[in-house]
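To start, the structure itself, in structure tokens.
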Amino acid sequence: MDHSIILNGKQVKVGDISPTMTVLEWLRQTGFTGTKEGCAEGDCGACTIGLLDQGPDGPTWRAICSCIMLVPQAFGRQIVTVEGLASDSGLHPAQQAMVDKLGSQCGYCTPGFVMSLFEATYRSDLDSHWKMDDQICGNLCRCTGYRPIREALYEIAGRQPTDRFSEALDALPEIPAVDYQRGDQRFVRPEKWGDLWTAMSDGPVRFVSGATDLGLDITQRFMAFPLLIDLGLLPGMREISPIADGWHIGAGVLLSDLEAWSETHSASLGKMLRFFASRQIKNRATVGGNLCNASPIGDLPPVMLALNAVAVIRSSGAERRQPFAPSGSDPGFWTAYRTTALQDGEVLAGIEISELHPSTYASTYKVSKRRELDISAVSSAFALRLDESGVVADLRIAFGGMAATPARALKTEAKLLGQPLSQSTIEEAIKTLKDDFSPIDDHRGTAWYRATVAANLLRGFFEEAQGGVRVTLPDRPTGTIFAEKN
Amino acid sequence: MAGGLHKPGPHESAHLHVTGSAKYVADDPGPQGTLFVLPVPSPIARGRIISMDLRSALAVDGVHCVLTVDDIPGDNIWGPILHNEPLLADGVVHYMGQAIAIVVAETEHSARCGAQRVELEFEEQTPIIGIESAIAANAFHTDPHIIERGDLEAAFESASMVIDGVVETPAQDHFYLETQAALAIPEENGGYTIRSSTQHPTEIQKVVAAALGIGAHHVVCEVPRLGGGFGGKESQASPYAAYAALAAARTGRPCRSWLHRGQDMAWTGKRHPFRTDYEAAFDENGMILGVIARLYSDGGWSLDLSGPVLDRALFHVDSSYFIPAIRVEGRVCSTNIPSNTAFRGFGGPQGMFVMEEILNRAADAMGVDSTELRRRNFYGEAPRDTAPYGQVIEANRLPQLVPQLMEESNYAARKRAIEQFNQTQQHVKRGIGFQPVKFGISFTASLLNQAGALVHVYTDGTVQINHGGTEMGQGLHTKMIAVAADTLGVKLDAVRLMTTATDKVPNTSATAASSGSDLNGAAVQGACLTILERLRPIAAQLLGDEAASTSVTFRDGCAWLGHESGVPFAKVATAAWAQQISLSSTGYYATPGIGYDPSIGRGRPFFYYAFGGAISEVEVNGLTGEYRVRRVDILHDVGNPLAPSIDVGQVEGGFVQGMGWLTCEAVLYSPQGRLLTHGPSTYKIPAAGDTPLELNVSLLRDADNPLVIGGSKAVGEPPFMLAISVISALRDAIRTFGKPGSIVELGMPATPEAVLRAIEHQRIESTAGMDKRHG
């Protein structure tokens, strides 16, 4: 079977490559050196390319990091690099805007920015300043200070020109099944659940979806994998569907698609996704990846805990439901440091989220060294319901970054349950937080900082829930530049 | 092409950048058969190598050879100032990541496998990590450099307030987007072509020639462009070029070296962290009477450029203020981390920050506005016009610039509005801060202030220019094209700028110290003027008035006598060729009249000063310590800018990079000397969302600088220090969480955690103890 990638509109046969070769390595080896390596961990965006993908509303161009996408994941798919944008009639609008607004200095980050702007050109939902920041927060520039690049983005965002890229959106891209073995490594992308169970029986498996975490094992830790199984093509994995009292969200739903969905369905979830990785990462990373990664500092897990979500776990011939939160002797979904309740032969198929009680107030907060594209020092999600008399009827306090697993503050919750909400009951309960958690020092924050911020976030949440002013910081960019006035 | 001298326009390579066709060193896979070279890094920070076994490394498929110090045909020792750094460890290792050997292999993968299989045994010693450990161990690279003047005893005797304390500034990784890279190609007859991502091609040429034991004339270094430098490729590109060259010499094949981000961050030096102990005396009006400051920089394992970095710090402790009595003393500490090196500002920011912190703390203690305190202490008329090292601050632009900045930024009204806002808010507070900049321009090693150029005119009237500077995003080439086109009176697209190469322009200085356009611009202009002098008589002949040759002018692609009759430049060039007149010339420039004697701490180290000012406003979340920069107003002095939009880019970019240094970028080493923050996942430079919500940048008008080409001023480094205004603004906001009169204690970098700590400190200790003494 021929393995090929449609690169800049041309079908290119991929020769003998390692199944863990990244798209960036392949591009540069193939002579497409416009795409740069700045970090090989998805954190600088110099390697950004465009990927034609299925979106919730049909075909869509997505900006992604080629440094952590595996070549077999791109088999049969259309990608576009910075070399493929210009045409005989001139530069692409994204390129022209970068020239016109003086968006390049040393030029090394520029191809990546151009590709993030390329995605923005065809987006129709860039309707707020934070989304603009989000669109380019995954691209680092050390020269310009970003102002001219942001102006270029505002110039072209949502322009949706009619061109060969918009025409490519007319047909749903075919994403083929893959079974590719070279040497002692094999990559499988099954399109049927039955094929998955068969492939899983072939040996120890590492599952992969967006490869936004696994990619680092390859590029930073130089690991090899005998059997990689990509779960992205399985039926239902990428779907969000209504169930009796809420929604089922497929484990393969991309974070960027979840973000768009949550805007109208779950404000608290949406708020977390806003500062959740970069656009390029959200365009590849999945709900299931973030949850099964089981990192104590993941950003979705506290939200799952606060929203009382349930994991839908599937194995050959069976499906079971596992609440994320612990209850009684059930440790919940995260059983220990980076360990989940998934057994051999099981995969996470999706999650179920119930509609919030109409009088429940829920919110999420993430604190990190840098606001965008950073891993939390503390992430948190809270849900509170008071009865008519102002007594706490339901309370879920969940944190990431405070313990070896994402965790509820069960003792603190218990302190407040059944109590009227007042300054003194709140302060009394907050004192209990230290019984729930003994956070650690690391380069993202000290134990002191984590404990102090956790308490303060809870204070802020209760204030907010009682109608106080929300403590947020502004996000509107403006300014005047001398050279522009001339 | 838009632009031209003194006109806004894009970067000369903008079209190449946006289409991905701009080529960087690592984009070139090299000729057929190019091998990959990878250093074997020391896994320990300090110790002796007891044994090294290369056998299993050599057995790896694809590995050609592993070279150690014994395989170096020439000199293993190099160094930008002192000649004391081994290219490959000679029995002893001084930092984690130090190159012990180099593996030469068919691919990067096989080189890595080979490097992992080099078996090493060490006798470990306890490494010295951090300035305090170095002071305790009496580990220094240099003796103290002292600059002093005035009667300090009298100053402190008569003071109404004395404060003392410690100021610490952090390290900063350059985080140029393009990591270190080099390609070495063996040529016929023992020559080598080196393509390097370096700010200093001549140094590459020298280091490679010395390592190979051959003459410099056998080595040509070419620099297509850099994906960012910021000082990090001034000296520290050299070893990687030398490794490629050594491998090429051994194998006879082209060899390339290129670092991944984690390797680059772990193996190369950063901005020097500084620790300063100070005492400062003020009178009852807040006027500075005297300052004593002892500066210690963390030089890392070798001297590298630490000496002049420290010097520049000492030269800038005065910042923009007249200090009647002063003693500044500095030493470079020796520690077991990669050798810290040049970084935009080159010690200037670290020196200035000392004085700015002293003023911030004094303002807190006195309960006066820090902006007001700054303005009171500015340099002024004689005798308040002389720097501690004896240079008169000529053409001081701050008296003109600061009032204009205050007015345009609406400072007074905003200050009042912020006070009102803060009274109505519990969790969120705002603050505003002002930062003036006076930055000395010239390499402080005066002999380095020289540059060369080579200009060719062809008979069709087109032009090639070569100069000794490197293009790393700062727009030097854009400016040089504009200078040549303007001088020769031809269109921009008639001028082609050639790859920087040591066979075209020899014996160059590094493109550093913000000096690129001042020095190379004068050299390019000089070469063009020499050619025009030769062309004038020819043009006069063609214009029919041989006697009027001195009146010939060149503009709009023609030579002119008066305004009526012009003859195309191409025709003049062709006629010159036909008359056997050379159409090629070198140009050369050396900065006149500067010099400094460190033994007495006196001299004129700087040709002139660049000035600027910034007002920053922040909003701080008192629950988490998070904050945003709401608005920044900058008014900066670039003289009459050679390329105004390029210069605005330098101002904005420098400001944001400076913000990164003081706010979000934290370099952390473990006690064992391991870099913990070795990628963008753990080391956070500012992202798009961290930049000021409102950014207003203006260039000071009517600011012609007669000393420099086109009336311009250097712009690379000075704007970096404008970012200190963000710290003053943060302190202003943090102060309001406590009672007046307490000194804000804000650690650097001012991460959300550092800010929350400072806020908690204000809340708890709203009347902080401070050393007050009344004279």
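The values are calculated or read from the model by the stated rules, or taken from the named source; none is laboratory data. Note that the structure is predicted; figures quoted are calculated from it, not measured. A quick note on method: Cβ atoms are made from the backbone with ideal geometry, for glycine too, and the neighbour counts reach across all protein chains shown. In case anyone asks, the SASA skips ligands and DNA or RNA and just uses the protein heavy atoms, side chains included. Shrake-Rupley method; radii C 1.70, N 1.55, O 1.52, S 1.80 Å.
Brief remarks on what is shown
- Matching residues, region B:170-198, being of a type in the set (S, T, N, Q) and more than 20 Å from B:T34 (Cα to Cα): B:Q172, B:T198
- Only one entry of B:A57, B:A2 meets the criterion of being within 14 Å of another protein chain (Cβ to nearest Cβ) and not in a strand (DSSP E or B), and that entry is B:A2.
- Counting the residues of region B:537-564 that are within 15 Å of B:G489 (Cα to Cα) and touching a Pro at 6+ places or on another chain (Cβ under 9 Å) gives 4.
- Output for region B:703-741, where each listed residue is open to solvent by 30 Å² or more (accessible area, probe 1.4 Å) and more than 27 Å from the chain's Cα centre (by Cα): B:R735, B:T736, B:K739, B:P740, B:G741
- Set A:M272, A:M304: member being within 30 Å of A:G138 (Cα to Cα), modelled with pLDDT of 95 or more and not in a loop (DSSP other than H, G, I, E, B): A:M304
- Boolean, A:D43 is facing chain B (nearest Cβ under 7 Å), more than 23 Å from A:I175 (Cβ to Cβ) and in a helix (DSSP H, G or I): no
- Any hit, region A:260-268, residues being closer than 28 Å to A:L196 by Cβ and of a type in the set (D, E): no
- The number of residues in region B:725-761 that are more than 14 Å from chain A (Cβ to nearest Cβ) and not aliphatic (A, V, I, L, M) comes to 12.
- Scanning region B:169-195 for residues being in a loop (DSSP other than H, G, I, E, B), more than 14 Å from chain A (Cβ to nearest Cβ) and not acidic (D, E) gives a total of 1.
- Check on B:V166, within 20 Å of B:A248 (Cβ to Cβ), outside any helix (DSSP H, G or I) and touching a residue at least 60 places away in the same chain (Cβ under 8 Å): no
- Of all residues in region A:314-349 being among the small types (G, A, S) and open to solvent by less than 60 Å² (accessible area, probe 1.4 Å), the one that is nearest to A:H248 (Cα to Cα): A:A349
- Restricting attention to region A:46-62 and to residues that are more than 9 Å from chain B (Cβ to nearest Cβ) and assigned to a loop (DSSP other than H, G, I, E, B), the residue that is farthest from B:G679 (Cα to Cα) turns out to be A:D57.
- For region A:352-367, the tally of residues that are surrounded by 20 or more Cβ atoms within 10 Å (Cβ to Cβ) and not charged (D, E, K, R) stands at 6.
- Residue among B:G228, B:G262, B:G252 that is in contact (Cβ under 8 Å) with a residue 40 or more places away in the chain and open to solvent by less than 10 Å² (accessible area, probe 1.4 Å): B:G228
This table checks each residue for (1) closer than 26 Å to B:A266 by Cα; (2) of a type in the set (G, A, S); (3) open to solvent by 10 Å² or more (accessible area, probe 1.4 Å).
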site: B:S334; (1), (2), (3): yes, yes, yes
site: B:V354; (1), (2), (3): no, no, no
site: B:E357; (1), (2), (3): no, no, no
site: B:A363; (1), (2), (3): no, yes, no
site: B:V368; (1), (2), (3): no, no, yes
site: B:G380; (1), (2), (3): no, yes, yes
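- Output for region B:637-665, where each listed residue is of a type in the set (S, T, N, Q) and either at the interface with chain A (Cβ under 9 Å from one of its Cβ atoms) or crowded, with 24+ Cβ neighbours inside 10 Å (or both): B:S645, B:Q650, B:Q657, B:T663
- Here B:E372 clears all of (1) open to solvent by less than 10 Å² (accessible area, probe 1.4 Å); (2) part of a helix (DSSP H, G or I) except the condition numbered (1).
- Extreme residue, nearest to the other protein chains (Cβ to nearest Cβ), among residues of region B:12-37 that are of a type in the set (D, E, K, R) and in contact with a Ser or Thr (Cβ under 6 Å, 6 or more places away or on another chain): B:D27
- Candidates B:Q404, B:Q420, B:Q435: the one that is in a helix (DSSP H, G or I), in contact (Cβ under 8 Å) with a residue 40 or more places away in the chain and not aliphatic (A, V, I, L, M) is B:Q404.
For (1) free of Cβ contacts under 8 Å to residues at least 12 places away in the same chain; (2) outside the structural domain of A:S124 (by TED's automatic domain parsing); (3) open to solvent by 10 Å² or more (accessible area, probe 1.4 Å), each residue gets a yes or a no:
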{"residue": "A:S4", "(1), (2), (3)": "no, no, yes"}
{"residue": "A:V23", "(1), (2), (3)": "no, no, no"}
{"residue": "A:R28", "(1), (2), (3)": "yes, no, yes"}
{"residue": "A:C47", "(1), (2), (3)": "no, no, no"}
{"residue": "A:P56", "(1), (2), (3)": "no, no, yes"}
{"residue": "A:T81", "(1), (2), (3)": "no, no, no"}
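- Test: B:T169 is buried (at least 23 other Cβ atoms within 10 Å of the Cβ), under 23 Å from B:G679 (Cα atoms), under 16 Å from the mean Cα position of the chain (by Cα) and at pLDDT 95 or above: no
- Residues of region A:7-21 that turn out to be more than 17 Å from A:V80 (Cβ to Cβ), touching a residue at least 60 places away in the same chain (Cβ under 8 Å) and open to solvent by less than 70 Å² (accessible area, probe 1.4 Å), as a count: 4
- Positions within region A:64-85 being within 14 Å of chain B (Cβ to nearest Cβ) and among the small types (G, A, S), in sequence order: A:S66, A:G84
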